[in-house]
Amino acid sequence: MLAYRHAFHAGNHADVLKHTVLALVLRYMNLKDKGWRYVDTHAGAGGYSLEGEYANKRGEYEQGIARLWNLPGLPAPLADLVALVRAFNGGATLKQYPGSPAIAHALMRRQDQLRLFELHPTDHKVLSSYLGETPGVEVKMSDGFAALKSQLPPPTRRGVVLIDPSYELKTDYVRTLAALREALERFPEALVLVWLPQLQLIEAAQLPQRLKAAADAGAKKGWLHARLTVAQARTDDGGRGFGLLGSSVFVANPPHTLFGELQPVLPFLAQALAQFDGAKSALDRSGG
């Protein structure tokens, strides 16, 4: 777990999808004056250089945020994401990419709270130096899965949780499902976002259905699942196929506006971020 560094993947297609949904959710939360608490179980470093060794080893951002940077005709949620990334860069040149804590920080108000958890010592140090002294923000080097019980429900009864592990350990699949169940048991109104990798693994294939069953049992307002497939499975490993084909975001207790907002976004992303002819998207929710 502690070997994982998100800097290799910063700004890729998965970040674009995840942060588009996150920004939509937090803007919805901002429609009411009452404060909210945002809990990030795997917060990372908060921001990432796109000019450094990590990001350029794979250059994944070039197939993600860079494709949208100057693209005309973006749907409003994608234009909003690009504007947030531009503000993080402080100009028109794409040099760095904000992590989920930076997106949340950009959208938080004086009455809101961020609770950020990161176990990797280097990433925690960077995150702490970036946001650790910000009013309303707490940065802790501890297990975000285990921290949920102390964070939910928030005093205002308005909470957003992002569960975004690396899934490099297969136990992450089990712990993610358990975390969703615990969050909804403690706080049935919790708005929980779960990022999921699309991989050629049985655990990755099964988790969305298990999350849906958990939300059907515990969420007061159902669920939404947004999926984006942009790449083909590689077959240079003896025919098994591997690599990140795409990703999805599962949302328990989604805002009632989210489904309609994402309807034009997902097909647009499938076309704009496609790495092969079969790129596609899907959007479904409880109740059909």
Point to revise | Prolate/oblate/rounded label for segment 84-204 (Cα gyration tensor, a/c 1.5) | key: oblate
Review point. So what is the relative contact order for the chain, in percent, with contacts set as C-alpha pairs under 8 Å and at least six apart?
Key: 20
Point to revise | Sparse-neighbour loop sites [trypsin sites (Lys or Arg not before Pro); segment 126-165; at most 13 other C-beta within 10 Å; DSSP] | key: ARG157
**Study point:** Coil-residue chymotrypsin sites (Phe, Trp or Tyr not before Pro) of segment 181-288, DSSP, other Cβ within 10 Å capped at 14
**Key:** PHE276
Check your understanding: How far, in nm, would the chain grow between ALA213 and GLU189 when pulled straight, counting 0.36 nm per residue and subtracting the alpha carbon separation?
Key -> 7.0 nm
Check your understanding: What is the projected area of the convex hull of the Cα atoms of segment 1-152, averaged over all directions, in nm²?
Key -> 9.1
Practice item. Just the ratio, please: alpha-carbon radius of gyration of the chain over 2.2 N^0.38 Å, N its number of residues. Key: 0.93
Review point. Which is the longest part of the chain that has none of the GluC sites (Glu not before Pro) sitting in a DSSP loop with at most 16 other Cβ atoms within 10 Å?
Key: 190-288
Point to revise | Ellipsoid equivalent to segment 69-155 - semi-axes via the Cα gyration tensor, in Å | key: 28, 16, 12
Point to revise | Residue pairs, from the table LYS18/LYS149; LYS32/LYS212; LYS57/LYS149, whose Cα atoms sit over 32 Å apart | key: LYS57/LYS149
Practice item. Determine the shape class of segment 156-235: with a ≥ b ≥ c the square roots of the Cα gyration tensor eigenvalues, call it rounded for a/c under 1.5, and otherwise prolate if a/b is greater than b/c, oblate otherwise. Key: prolate
**Study point:** Positive-end residue, the chain charge dipole about Cα centroid, Cβ charges, pick of LEU258, TYR54, THR134
**Key:** LEU258
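Values in this text are rule-based calculations from the coordinates and carry no lab data. Here the structure is a predicted model, which means the values were calculated and not measured. Please note: Cβ atoms are built from the backbone with ideal geometry, for glycine as well, and neighbour counts cover all protein chains shown.
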